[in-house]
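Notes for the one structure printed next.
The values are calculated or read from the model by the stated rules, or taken from the named source; none is laboratory data. Since we're looking at a predicted model, the values are computed, not measured. Backbone-built Cβ (ideal geometry, glycine too); neighbour counts: all protein chains shown.
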Amino acid sequence: MKFRIKNQDSQLRTGIVRTEHGKFETPAFIPVATLASVRGLDSRDLKKLKVDVILANTYHLYLRPGDELIRRRGGLHRFMNYDKTIITDSGGFQVFSLGFGMEHGVGKIADNIFLEGLRNKNFRGDKWAKVDEKGVSFKNPLTGEIVRLTPEKSMEIQSNLGADIIFTFDECTSPLSDKRYTEEALERTHRWEERCLESYDRKQSLFGIVQGGEYRDLRIRSARFVADKDFAGYGIGGSLGKSKEDMHNILEWVIPVLPEEKPRHLLGIGAVEDIFNSVERGVDMFDCVAPTRWARRGHLYVSPEAGGTVENKFRINIRNAGFREDDEPVDKSCNCFVCKNYSRSYLRHLQSAEDLTYFRLASYHNVNFMLRFMEKIRDSINNNYFRELKKEWLGY
C-alpha cells in the first residue's frame, strides 16, 4: 500500500491510497460488507456506484462461510466478484460488542443522557466474549459453541481472506470501563499488536490501532506506541468517550502524534456531522454500516437542498404518512438512478409492503449519497471552501 497527500491545509487534507487492487481517494467513506456483501447490493451495483474500497468483517466471515473456504475460492476478491480494494477488520470490535457492550448495553459512544440509570434500563445479559492474555473466547451465536480468536489467528484469517489492508487484533473497551481497566486493556492490546506484527502476511498492509478510551494520557501513550512501529497506517478505535466532544478531544490528542505521511482511519464512525468534524481534525478514512442499516429501517439520506439538517441527521423516514402521495424523488439534488426514476410515494409503498426491491433501492441511494458527499468534501478541501461547505450543511 502507498499513500500520497495531495492537498493539505492545517489538519485538513486530501490524498490517494494505492493497493494491488487499485486506488481510492481520501477522505474516504468505506461501505461495510460484513459478510462479503454490502447489504442489498451486488458487485454490479458497487461498480456503478464507483465503490473503490469496502470493509469486510473477520469475525463473522470466520464463523460463516469460513475463511478456509474463502481461501480455497481465491480469496474475498474472487469469492464476491469485486476487484477493488478490500479492508478487513480484526475481530476486535466484536470483543467489545459481544463483551462489555452486551453487558453494559452501550455503543462506542455513550451519550451523557443515556448513561443515567443505564445498567438498570439497558442491561442485556451476560457477555458472549471473555478476554484473557492470549486472546478472546467467543460464544458462537450460530451454534452456541466457544470459538477462540488470538492475534495470530486473526492474522491467519485475514490472510486467508486475502484483503489488501488489515487491522491488528485489539481489545475495544467500553465507554463505561474505568481508567484502571482501560489501561490494562491498552497494555494488553499493545502486546497483541506486537504479536500481529510478528505473524501477519507480508503481502498485506497492516494498520495498528490506537486505544485508550477517553483518557488523554492513555490515548497519547497508545498513539506513540503505534507510531514507533512499522505499520502502514493507523486506526483510531475503541471507546470514543461519553459524548461527541470527547471524540473530538481524542482526535485532537492522537492525530498530532501519528506520522503525517500515513493514513488515519476512524473506526466505525460515519454520520455526516461526525465526518465534517473529524476530517477537520485530520481523519482520512471512515467506515460504518449506517447507510444500509438505516435504509432497511426506512431512513433515507437527504441533502440540505432536500430538507436534510443536523436535527434530522440528514434523513427522512419514508414510512411517514406524509410521503404516501409524494411524487418527488427522495432528493432532487441526487444523481442516483433511484432518485431519477422513483418517487417517495413508490418507495414508501415498497417499504410498507416489505417488498425486497425496497431494500436494494434504499441501500443504493444511501450508499450513493455518502460517496457523493465525500466527493464534495474532497472538492471543498482541494478548492479551499471546506469551511463554507461545513457551514452550509451544519450551520456552524
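Collect the residues in segment 59-73 that are touching a Leu at 6+ places or on another chain (Cβ under 8 Å) and not β-branched (Val, Ile, Thr), keeping them in residue-number order.
Within segment 59-73, TYR59, HIS60, LEU61, TYR62, LEU63, ARG64, ASP67, ARG71 meet the criteria.
Being over 20 Å from ARG39 (Cβ atoms) and surrounded by fewer than 19 Cβ atoms within 10 Å (Cβ to Cβ) narrows it down to one residue among ILE250, ILE220, ILE255; which is it?
Matching residue, one of ILE250, ILE220, ILE255: ILE220.
Quick one: which residue in ARG324, ARG344, ARG296, ARG319 is modelled with pLDDT of 95 or more, under 24 Å from the mean Cα position of the chain (by Cα) and among the charged types (D, E, K, R)?
It is ARG296.
Being at positive phi and aromatic (Phe, Trp, Tyr) narrows it down to one of PHE337, PHE286, PHE323, PHE314, so name that one.
Just one listed residue meets the conditions, PHE314.
Give segment 320-342 a look and list any residue that's exposed (fewer than 15 other Cβ atoms within 10 Å of the Cβ) and over 23 Å from LYS48 (Cα atoms), or say none.
Within segment 320-342, ASN320, ALA321, GLY322, ARG324, GLU325, ASP327, GLU328 meet the criteria.
Are there any helices (runs of 4 or more DSSP H) wholly within segment 22-105 with 3 or more residues that are in contact (Cβ under 8 Å) with a residue 12 or more places away in the chain, more than 19 Å from the chain's Cα centre (by Cα) and more than 21 Å from GLY162 (Cβ to Cβ), and if so which?
Those helices (runs of 4 or more DSSP H) span 100-104.
Given the structure, is ILE146 among the hydrophobic types (A, V, I, L, M, F, W, C) and more than 22 Å from ILE87 (Cβ to Cβ)?
So ILE146 fits the description; yes.
For the structure I just gave you, tell me whether VAL330 is part of a helix (DSSP H, G or I) and among the β-branched types (Val, Ile, Thr).
no
Do we have any residue at all in segment 175-191 that's surrounded by fewer than 24 Cβ atoms within 10 Å (Cβ to Cβ), closer than 28 Å to PRO256 by Cβ, in contact (Cβ under 8 Å) with a residue 24 or more places away in the chain and of a type in the set (Gly, Ala, Ser)?
Checked segment 175-191: at least one residue is surrounded by fewer than 24 Cβ atoms within 10 Å (Cβ to Cβ), closer than 28 Å to PRO256 by Cβ, in contact (Cβ under 8 Å) with a residue 24 or more places away in the chain and of a type in the set (Gly, Ala, Ser).
Of the residues in segment 1-47, how many are in contact with a Cys (Cβ under 9 Å, 6 or more places away or on another chain) and either more than 20 Å from TRP294 (Cα to Cα) or surrounded by fewer than 14 Cβ atoms within 10 Å (Cβ to Cβ) (or both)?
0
Tell me whether segment 367-383 contains one or more residues that are in contact with an Asp or Glu (Cβ under 7 Å, 6 or more places away or on another chain), farther than 25 Å from MET285 by Cβ and at pLDDT 95 or above.
no
If you check every pair at least six apart or on different chains, which have Cβ atoms under 8 Å apart with a residue in segment 131-147 that is free of Cβ contacts under 8 Å to residues at least 12 places away in the same chain first and a residue that is assigned to a loop (DSSP other than H, G, I, E, B) second?
ILE146/ASN140
Does TYR358 count as under 17 Å from VAL272 (Cβ atoms), aromatic (Phe, Trp, Tyr), surrounded by 13 or more Cβ atoms within 10 Å (Cβ to Cβ) and at pLDDT 95 or above?
Spelling it out, it is not the case that TYR358 is under 17 Å from VAL272 (Cβ atoms), aromatic (Phe, Trp, Tyr), surrounded by 13 or more Cβ atoms within 10 Å (Cβ to Cβ) and at pLDDT 95 or above.
Evaluate the following for ARG264: is it touching a helix residue (DSSP H, G or I) at 6+ places or on another chain (Cβ under 7 Å) and closer than 25 Å to ASN7 by Cα?
When the stated conditions are applied, ARG264 passes them.
Of the residues that sit in segment 57-103 and are of a type in the set (Gly, Ala, Ser) and modelled with pLDDT of 95 or more, which one is surrounded by the most Cβ atoms within 10 Å (Cβ to Cβ)?
Only one residue fits best here, namely SER90.
When residues of segment 195-214 are filtered for being surrounded by fewer than 24 Cβ atoms within 10 Å (Cβ to Cβ) and either among the β-branched types (Val, Ile, Thr) or part of a loop (DSSP other than H, G, I, E, B) (or both), how many remain?
Residues meeting the conditions: 6.
Give just the number: which of (1) in contact (Cβ under 8 Å) with a residue 40 or more places away in the chain; (2) more than 23 Å from the chain's Cα centre (by Cα); (3) in a helix (DSSP H, G or I) does ASN384 not satisfy?
(3)
Right, PRO329: under 22 Å from ASN277 (Cα atoms) and not assigned by TED's automatic domain parsing to the domain that holds SER37 or not?
no
So which residues in segment 272-302 are of a type in the set (Gly, Ala, Ser) and in a helix (DSSP H, G or I), if there are any at all?
SER278, ALA290, ALA295
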